[in-house]
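*Asks:* Quick one: the structure is below, questions incoming.
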Amino acid sequence: MPENHVVTISRFLIEQERKIAETTTGTFTSLLSNIALAAKVISYQVNRAGLAEILGETEQENFHGERIQKLDLFADDVMQKALDHTGLITCMASEENEFFLPVPENFPSGDYVVIYDPLDGSSNIDVNVSIGTIFSIHSKISDSDRGELKDCLQAGKHQVAAGYVLYGSSTMLVYTTGAGVHGFTLDPSIGEFVLSHKNMRFPDPSRRVYSINEAHYPGWETGQQLLVDYLKNEGDFSSRYIGSLVADFHRTLLQGGIFMYPAGQGAPEGKLRLLYECAPIAMLAEQAGGRASTGARDVLEIIPHSLHQRIPLYVGNREFVDLAEDFLAEEDSAT
Ligand code: P6P
């Protein structure tokens, strides 16, 4: 294929589906293409947020008690409308909604379950820091054609796909269907996501970067404090922290390192949500040759007990995640 050949996400999906299944039904390609469409619409608004009256907070709070930003609501609505009529899904679950969302009665249902955080890191919107959409796709396991809670509460290892959209200096869509991790950059001149990062993998950890909010240090368990002390003083690491999971993970994936959001004061199970953030990020990490752990066990092995379950997250190069587990286990065994 000539170097200058533009490979759009739709073309790449079709080529990948041909490799995975002899008979390509195209439903999966259609599902991811609809998510890509939603990403374009959200990207347009995010990139003009400073101009449109869409900045800032609403009077509403989500049931986590977090003030909902106007763009959160917009992004949630765009994701739902991009998927609900397709006949491809049986239900959805959004980080912005307390309960799962059955496909409306007036639309046909399908076999997939889409779980998503429509705009993660939204507290960064008003200061123009990169934010992201995260999505996780399962096949339904219930007999209901409008979905059941158990369709959403599946272990991350059963995901059929996962990905994120990063609204940064450029808009990128990064996804995996279990056949590697592939990144596409939105070309505004043609309105298409174009293949820009094929087969993304954590690089050998030449750049030893750890990423964590050190303001929470006093609330960490001792093993976590000793781990960060080691990384700072003996591990020859540098530190980067954006405070937006998609941006922090994307940098870790491209440059190597480890991102950590441990349990701590005010977040006894950790802050990040298993279904909407950690499980999709974990599938991407494993597919890119890395690891994702709670500090004690693989994220992908956890069977969720509730839609908004939170867990600690350690994700990045395999050897760094292993190191983190060693520090935490050592302290546990000492106490
Ligand atoms: P803290 C954003 O609010 C978010 O959910 C993630 O995107 C990010 O990694 C984390 O919270 C940042 O949390 O406590 O460092 O502000």
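The values are calculated or read from the model by the stated rules, or taken from the named source; none is laboratory data. On a predicted model such as this, the values are computed, not experimentally measured, just so you know. So basically every Cβ, Gly included, is an ideal-geometry build from the backbone, and we count neighbours across all protein chains shown.
*Asks:* Residue check, residue 184 against (1) within 24 Å of residue 12 (Cα to Cα); (2) within 16 Å of the ligand (Cβ to nearest atom), all met but one. Which one?
*Replies:* For residue 184, the exception is condition (2).
*Asks:* On to the next question. What's the total number of residues in the range 276-317 that are part of a helix (DSSP H, G or I) and in contact (Cβ under 8 Å) with a residue 60 or more places away in the chain?
*Replies:* The qualifying residues number 14.
*Asks:* Against the definition (in the same structural domain as residue 156 (by TED's automatic domain parsing), without any contact (Cβ under 8 Å) to a residue 24 or more places away in the chain and under 30 Å from residue 35 (Cα atoms)), how does residue 185 come out, yes or no? Lay out the reasoning, then the answer.
*Replies:* Working: in the same structural domain as residue 156 (by TED's automatic domain parsing): yes; without any contact (Cβ under 8 Å) to a residue 24 or more places away in the chain: yes; under 30 Å from residue 35 (Cα atoms): yes.
Answer is yes for this residue.
*Asks:* Related question: Within the set of pairs 6 or more residues apart or between chains, which connect a residue that is under 13 Å from residue 213 (Cα atoms) and aromatic (Phe, Trp, Tyr) inside the range 255-275 to a residue that is more than 11 Å from the ligand (Cβ to nearest atom) and part of a loop (DSSP other than H, G, I, E, B) with Cβ atoms less than 8 Å apart?
*Replies:* 261/312
*Asks:* Here is a further query. Tell me, which residue of the range 56-72 that is in a helix (DSSP H, G or I) and either within 19 Å of the chain's Cα centre (by Cα) or polar (S, T, N, Q) (or both) is nearest to the ligand (Cβ to nearest atom)? Walk me through it before giving the result.
*Replies:* Let us first name the residues in the range 56-72 that are in a helix (DSSP H, G or I), namely 70-72.
Adding the requirement that they be either within 19 Å of the chain's Cα centre (by Cα) or polar (S, T, N, Q) (or both) leaves 71-72.
Numbers: 71: 13, 72: 11 Å.
My answer is 72.
*Asks:* Here is a list of conditions, (1) of a type in the set (Gly, Ala, Ser); (2) farther than 25 Å from residue 129 by Cα; (3) within 16 Å of the ligand (Cβ to nearest atom), and residue 285 meets all of them except one; can you say which number that is?
*Replies:* (2)
*Asks:* Further question: Specify which of the listed residues (156, 110, 163) is surrounded by 24 or more Cβ atoms within 10 Å (Cβ to Cβ), in the same structural domain as residue 67 (by TED's automatic domain parsing) and closer than 16 Å to residue 28 by Cβ.
*Replies:* 163
*Asks:* For the range 226-261, which positions are within 11 Å of the ligand (Cβ to nearest atom), crowded, with 19+ Cβ neighbours inside 10 Å and in a loop (DSSP other than H, G, I, E, B)?
*Replies:* Answer for the range 226-261, where residues must be within 11 Å of the ligand (Cβ to nearest atom), crowded, with 19+ Cβ neighbours inside 10 Å and in a loop (DSSP other than H, G, I, E, B): 242, 244.
*Asks:* Let me ask something else about it. Is there any pair linking a residue in the range 126-150 that is within 23 Å of residue 283 (Cα to Cα) to one that is within 15 Å of the ligand (Cβ to nearest atom) and part of a loop (DSSP other than H, G, I, E, B), with Cβ under 8 Å and at least six apart or on different chains, and which?
*Replies:* Correct list of pairs: 130/121; 130/168; 130/242; 130/244; 131/121; 131/244; 132/121; 132/244.
*Asks:* Let me ask something else. Take the range 161-185 and flag every residue that is touching a Lys or Arg at 6+ places or on another chain (Cβ under 9 Å) and farther than 22 Å from residue 277 by Cβ.
*Replies:* Across the range 161-185, the qualifying residue is only 179.
*Asks:* Consider the range 113-153. How many of its residues are away from the ligand (no atom under 16 Å from the Cβ), surrounded by 20 or more Cβ atoms within 10 Å (Cβ to Cβ) and acidic (Asp, Glu)?
*Replies:* Total meeting the criteria: 1.
*Asks:* Every residue in the range 242-280 that is of a type in the set (Val, Ile, Thr) and over 17 Å from residue 129 (Cβ atoms), please.
*Replies:* Across the range 242-280, the qualifying residue is only 258.
*Asks:* Quickly run through the range 196-225 and pick out the residues that are without any contact (Cβ under 8 Å) to a residue 24 or more places away in the chain and within 16 Å of the ligand (Cβ to nearest atom).
*Replies:* 215, 217
*Asks:* Determine if the range 215-226 includes at least one residue that is among the charged types (D, E, K, R) and in the same structural domain as residue 287 (by TED's automatic domain parsing).
*Replies:* yes
*Asks:* Of these, 291, 273, which one is within 24 Å of residue 181 (Cβ to Cβ), surrounded by 20 or more Cβ atoms within 10 Å (Cβ to Cβ) and within 14 Å of the chain's Cα centre (by Cα)?
*Replies:* Answer to the check: 273.
*Asks:* So, one more: Looking at the range 265-280, which of its residues are on the phi < 0 side of the Ramachandran plot and near the ligand (Cβ under 10 Å from one of its atoms)?
*Replies:* 267, 271, 272, 273, 276, 277
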